[in-house]
Amino acid sequence: MEEYSLRSQVFQTIRDDILKGKYEENDELREATLGKELGVSRTPVREALRQLELEGLVNIIPNKGAYVTGISDKDVHDIYMIRSMLEGLCARWATQSITAEQLDSMEETLCLSEYHTSKKNYEKLYELDSLFHEQLYEAGGSRILNHILSDFHDYVKMVRKATISTSSRSVTSTEEHRAIFEAIKEKDPDKAEALAKEHVKHTIESIQAYGLEKIL
């Protein structure tokens with residue numbers, strides 16, 4: 001169990017560093033260097049790199065090494081298009097399965113988001129934006145859908161952080177979250193699904209306006 005936990009931690013750390021932009025595309029990930037940085041042997045690093053290759057974030061070339069693939073412009077666009085469909089489904093299911101406790105938690109997140117939007121506290125808004133989506137995925141009541149959407153959400157960390165840091169998008173994003181929440185609260189699956197889809201599509205438009213080349 002301990003060994004599995006260590007492998008998982010090494011994988012998550014390297015994965016987060018790639019998605020946060022610590023490494024650029026085609027950077028070599030050396031097992032010995034990573035092991036030294038993380039205070040582990042080369043074995044869990046090697047296993048983590050193999051797992052990252054399965055996710056498409058790393059390319060392992062035999063007898064040469066492991067290189068960062070990262071997330072391309074097309075990947076980002078594809079992720080958001082897929083997310084728009086899946087988050088719509090998640091919002092629909094949430095109208096059927098959300099609990100009173102989950103509604104209260106989402107309401108609290110929204111109130112905090114509205115407060116920090118007014119104060120232009122973008123760092124805190126990014127955290128609350130992530131939290132709202134995590135709560136939505138949980139409220140959908142599907143472990144599988146939650147896992148898929150959480151992974152997609154992680155893949156575009158840098159993009160989300162950049163777009164939420166603009167005053168216009170932070171305001172509209174918070175308003176859209178509020179509208180999705182109210183539709184779920186009112187048990188209106190059609191409206192909740194449509195609003196969730198539109199929310200993600202508006203994010204795509206915001207990304208295009210901002211310019212992916214500034215982020216990736």
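The values are calculated or read from the model by the stated rules, or taken from the named source; none is laboratory data. These figures come from a predicted structure and were not determined experimentally. FYI the Cβ positions are ideal-geometry reconstructions off the backbone, even for glycines, and counts take in every protein chain you see. When the accessible area is computed, the model is the full protein with side chains, heavy atoms only, and any ligands, DNA or RNA have been set aside. Shrake-Rupley method; radii C 1.70, N 1.55, O 1.52, S 1.80 Å.
Quick look at the numbers
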{"quantity": "Percent carbon-and-sulfur accessible area, the chain, ignoring ligands, DNA and RNA, probe 1.4 Å", "calculated": "51 percent"}
{"quantity": "Hz values of 3J(HN,Hα) by residue in the stretch 75-88 - Karplus curve (6.51, -1.76, 1.60), Gly and Pro given as x", "calculated": "4, 4, 4, 4, 4, 5, 5, 5, 4, 4, 6, 6, 5, x"}
{"quantity": "Overall form of the stretch 105-198 per C-alpha gyration tensor (a/c, 1.5; a/b vs b/c)", "calculated": "oblate"}
{"quantity": "Interchain or long-range residues, amide H under 5 Å from residue 65's placed H", "calculated": "none"}
{"quantity": "For the chain, accessible area per residue (1.4 Å probe, heavy atoms of protein chains only), Å²", "calculated": "54 Å²"}
{"quantity": "Mean separation of Cα contacts under 8 Å (6+ apart) over length of the stretch 1-74, as relative contact order %", "calculated": "36 percent"}
{"quantity": "Inter-centroid distance (Cα atoms) of the stretch 114-139 relative to the stretch 1-52, Å", "calculated": "29 Å"}
{"quantity": "Per-residue HN-Hα couplings for the stretch 124-136 [Karplus 6.51, -1.76, 1.60; θ = phi - 60°; Hz; x = Gly/Pro]", "calculated": "5, 4, 4, 4, 6, 4, 4, 5, 4, 5, 4, 5, 5"}
{"quantity": "Cα centre as origin, Lys/Arg/Asp/Glu Cβ charges: the stretch 13-77 dipole, Debye", "calculated": "260 debye"}
{"quantity": "Relative contact order (percent, whole number), the chain, Cα cutoff 8 Å, 6+ residue spacing", "calculated": "24 percent"}
{"quantity": "Cα long-axis angle, helix 42-54 against the chain (0 to 90 degrees, to the nearest 10)", "calculated": "50 degrees"}
{"quantity": "Probe 1.4 Å - accessible area at residue 122, Å² to nearest ten", "calculated": "50 Å²"}
{"quantity": "Phi to ³J(HN,Hα) by Karplus 6.51 cos²θ - 1.76 cosθ + 1.60 over the stretch 30-35, Hz, x for Gly, Pro", "calculated": "8, 4, 5, 5, 5, x"}
{"quantity": "Nearest 10 degrees, 0 to 90: helix 167-185 Cα axis against the chain principal axis", "calculated": "70 degrees"}
{"quantity": "Read-out Rg and Dmax of the Cα atoms in Å, derived from the coordinates shown; its label in (i) 18.8, 59; (ii) 17.9, 57; (iii) 19.2, 72", "calculated": "(i)"}
{"quantity": "Computed accessible area, residue 168, all protein chains, 1.4 angstrom probe, square angstrom", "calculated": "80 Å²"}
